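The values are calculated or read from the model by the stated rules, or taken from the named source; none is laboratory data. Note that this is a predicted model, so its numbers are computed, not measured. Backbone-built Cβ (ideal geometry, glycine too); neighbour counts: all protein chains shown.
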Amino acid sequence: MTEVKERVVGGDVVVAVDIGGTKIAVGIVTLQGELLDRTQVLVDHRLKSEELFQMLAETVDQQLTRARGQHRVSPVAVGVGCAGPISIGAETVSPLNIFAWREFPLRQRLAATTSLPVYGELDAKALALAEGWLGAAQGKQNFLAMVVSTGIGGGVVLNGQLMDGATGNAGHVGHIVVEPNGRRCECGSRGCLEAEASGLAIEAITGRPPTEPTYEIMQRTGRLVGQGAASVCNLLDIDLVVVGGSVALGFAATFFNSAQASLDEHAKLSFARGARITPVRLADQGPLIGAGAVAVRGIHRTRRAARVR
């Protein structure tokens, strides 16, 4: 990704925040993309909106303290990757699987708490930045990044640019319908990929956590993800799909083999034929490096804007 390629040498770092439906992770990322430190807490769905934010704020403060004390570096910005929907820049966030937050003013609250500039994106868009910068899509100008975890999200890169859409929510591949008249989704529709193949969906369907899958469930999940990915490849002329998230990575080869077979079955147009689906290269560090990439990109944009003025 051209916007985060610049390598800046020195003691500056960014605070990276990854907010998902099950856990919140916070880390310290250098401007070169190295993850120095991290911690995570589980999302307690019994908490009210302010209580949940206080848990986040305390985790961020812990990492700020470790950055300045243990690592002797200077945090200069905060980058957020958050499950959606969100508004542009994560001014407000309304993650479908975090019921306490509906249009929660996350950017403003984090800026007030940390006294640092805050930049935000959808979690899967942040992952797309990370994988295009340092991961499996490095050097690629067109690709789809997906997170298959508690929920399912996506980020689309076309002609080297991360797509935003009208409200910053471009890439919501989890709401492609893969099973007409299927299970009811939190978005209100039926048969969405997220309602059929996410971690929450797997648990609801099987009565077992996604960490204890059957072979058939791993195959089915891969098949549905491949089907959804094929729709994006056919629509947007994309030949690479990079997939991360605890469900996809946990199901490993069984998931990816099934997903590739499904992608091959449904991507038959000449330009989409041969599209491949591959695991993220940054593994479980990807979401935090992605959130860090959001901050690095924001810093560079702010500096460019200041020079223009």
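Remarks
- Long-range neighbours under 7 Å by Cβ, at least six apart or interchain, first residue touching a residue at least 24 places away in the same chain (Cβ under 8 Å) within region 173-189, second assigned to a helix (DSSP H, G or I) and of a type in the set (A, V, I, L, M): Val173/Leu193; Val173/Val232; Gly174/Leu193; Ile176/Leu193; Val178/Leu193; Val178/Leu224
- Members of region 221-255 found to be under 18 Å from the mean Cα position of the chain (by Cα) and part of a loop (DSSP other than H, G, I, E, B), listed by number: Gly245
- Test: residue in region 175-185 that is under 29 Å from Ala293 (Cα atoms) and either crowded, with 20+ Cβ neighbours inside 10 Å or outside the structural domain of Ala267 (by TED's automatic domain parsing) (or both): yes
- Number of the condition not met by Ala295 [criteria: (1) more than 21 Å from Gly27 (Cα to Cα); (2) in contact (Cβ under 8 Å) with a residue 12 or more places away in the chain; (3) out of contact with any helix residue (DSSP H, G or I) (no Cβ under 9 Å at 6 or more places or on another chain)]: (1)
- Qualifying position, being surrounded by 14 or more Cβ atoms within 10 Å (Cβ to Cβ) and at pLDDT below 95, among Gly199, Gly171: Gly171
- Test: residue in region 65-72 that is touching a residue at least 60 places away in the same chain (Cβ under 8 Å), within 17 Å of Ala291 (Cα to Cα) and in contact with a Ser or Thr (Cβ under 9 Å, 6 or more places away or on another chain): no
- Residue that is touching a Leu at 6+ places or on another chain (Cβ under 6 Å) and surrounded by 21 or more Cβ atoms within 10 Å (Cβ to Cβ), where the choices are Ala259, Ala293: Ala293
- As a summary of the residue check, Ala295 satisfies the conditions (1) closer than 22 Å to Ser149 by Cα; (2) under 21 Å from the mean Cα position of the chain (by Cα) except for the one numbered (1).
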